[in-house]
1. Suppose we filter ALA76, ALA111, ALA125, ALA69 for residues that are surrounded by fewer than 17 Cβ atoms within 10 Å (Cβ to Cβ) and among the small types (Gly, Ala, Ser); which single one remains?
2. Across region 74-103, what is the total count of residues that are over 40 Å from the mean Cα position of the chain (by Cα) and aromatic (Phe, Trp, Tyr)?
3. Any idea which of TYR177, TYR191 is buried (at least 19 other Cβ atoms within 10 Å of the Cβ), of a type outside the set (Lys, Arg) and within 21 Å of the chain's Cα centre (by Cα)?
4. Scan region 142-161 residue by residue and report those that are of a type outside the set (Val, Ile, Thr) and closer than 11 Å to ALA91 by Cβ.
5. All but one of (1) assigned to a helix (DSSP H, G or I); (2) modelled with pLDDT under 70 hold for PHE57; which doesn't?
6. Would you pick out the residues in region 137-167 that are exposed (fewer than 15 other Cβ atoms within 10 Å of the Cβ) and within 13 Å of ALA72 (Cβ to Cβ)?
7. Can TRP163 be described as of a type in the set (Phe, Trp, Tyr), part of a helix (DSSP H, G or I) and either closer than 15 Å to TYR65 by Cα or touching a strand residue (DSSP E or B) at 6+ places or on another chain (Cβ under 7 Å) (or both)?
8. Got at least one residue in region 193-214 being farther than 30 Å from ILE73 by Cα, part of a helix (DSSP H, G or I) and modelled with pLDDT of 90 or more?
Amino acid sequence: MASEGFSSAAIMENISMAAAACDPSIEQCQTLGVRTEQEQTMDFIAVIIFMSFDFPFGLLPIIGYYASANDAILAAELVGKNTGADLLYVANLMSIIGGTVFYWGTLVVSAFTFFMDRFGTNIGAIYLDLNYWGVLVGAGAYQGFTMLLMIAGAAMTELGLAWRWTATWLVLNIGMYIGYALLMENFQMYYVQSIYSVMLHSKADAAAAESSAETTEETTEEPAEEPAEDTTEADATTI
């Protein structure tokens with residue numbers, strides 16, 4: 001099921017079908033698919049790592065710009081390397097904007113996935129799509145483009161200072177996206193099981209509520225009135 005992680009629609013359809021066909025009172029029904037304890041631990045670790053990636057990678061471009069890149073831009077302008085300085089400025093600005101939108105935006109949505117029983121399982125599906133299409137694919141392509149601009153700018157400045165943050169940010173991005181790609185399946189499987197469990201609980205709660213409503217209705221029904229006795233014959237006999 002995780003192999004279909006590039007689209008949450010197929011995953012949600014499969015989970016819904018499995019939950020609809022399942023009786024929550026059957027213990028074997030509580031787990032979707034077979035996952036060993038070690039795999040489940042790895043799934044949970046993947047979720048923690050993903051969320052741990054999102055915050056610093058939204059913050060690092062800001063730190064890198066003010067701690068290093070800005071000095072390189074000013075130095076390049078002083079020696080007349082204005083084109084390189086402009087490219088460095090644009091690339092770093094794009095990295096800051098991209099990090100805020102892609103990483104922090106995804107991180108905000110992640111908080112709601114811990115309360116899917118309240119906000120609905122669709123928030124889990126949205127989070128799956130955000131991590132695959134938003135962070136892995138979208139932000140990967142976006143940051144790849146900004147890295148090309150940054151490398152070109154650093155090369156055009158001909159300053160070693162310009163390469164300090166450029167090389168650091170390149171290595172960090174490569175490491176982050178390799179980790180993201182390797183852990184994506186574990187991450188998806190954690191949320192597949194979480195969404196399935198919420199669906200089962202919702203189904204069980206709905207069944208319990210329906211049963212309770214039927215019981216209440218039966219107990220509150222008024223007993224049928226017994227027909228009145230026909231006393232005509234008795235009166236005639238008495239007379």
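The values are calculated or read from the model by the stated rules, or taken from the named source; none is laboratory data. As the structure is a prediction and not an experimental result, all values here were calculated from the model. Every residue, glycine among them, receives a Cβ derived from its backbone with ideal geometry; neighbour counts consider all protein chains shown.
1. Details: ALA76 fails: surrounded by fewer than 17 Cβ atoms within 10 Å (Cβ to Cβ); ALA125 fails: surrounded by fewer than 17 Cβ atoms within 10 Å (Cβ to Cβ); ALA69 fails: surrounded by fewer than 17 Cβ atoms within 10 Å (Cβ to Cβ).
None of the other options fit; the residue is ALA111.
2. Counting residues in region 74-103 that are over 40 Å from the mean Cα position of the chain (by Cα) and aromatic (Phe, Trp, Tyr) gives 0.
3. Numbers: TYR177 fails: buried (at least 19 other Cβ atoms within 10 Å of the Cβ).
None of the others qualify; the one that does is TYR191.
4. Within region 142-161, the first condition is being of a type outside the set (Val, Ile, Thr), and the residues that meet it are 142-145, 147-150, 152-156, 158-161.
GLN143, PHE145, MET147, LEU148, LEU149, MET150, ALA152, GLY153, ALA154, listed by residue number.
5. With respect to (1) assigned to a helix (DSSP H, G or I); (2) modelled with pLDDT under 70, PHE57 is out only on (2).
6. Applying the first criterion (exposed (fewer than 15 other Cβ atoms within 10 Å of the Cβ)) to region 137-167 yields 137, 141, 144-145, 148, 155, 158, 160, 167.
Scanning region 137-167 gives ALA155, GLU158, GLY160, ALA167.
7. Values: of a type in the set (Phe, Trp, Tyr): yes; part of a helix (DSSP H, G or I): yes; either closer than 15 Å to TYR65 by Cα or touching a strand residue (DSSP E or B) at 6+ places or on another chain (Cβ under 7 Å) (or both): yes.
Here the answer is yes, as TRP163 does meet what is asked.
8. For region 193-214, residues farther than 30 Å from ILE73 by Cα, part of a helix (DSSP H, G or I) and modelled with pLDDT of 90 or more: absent.
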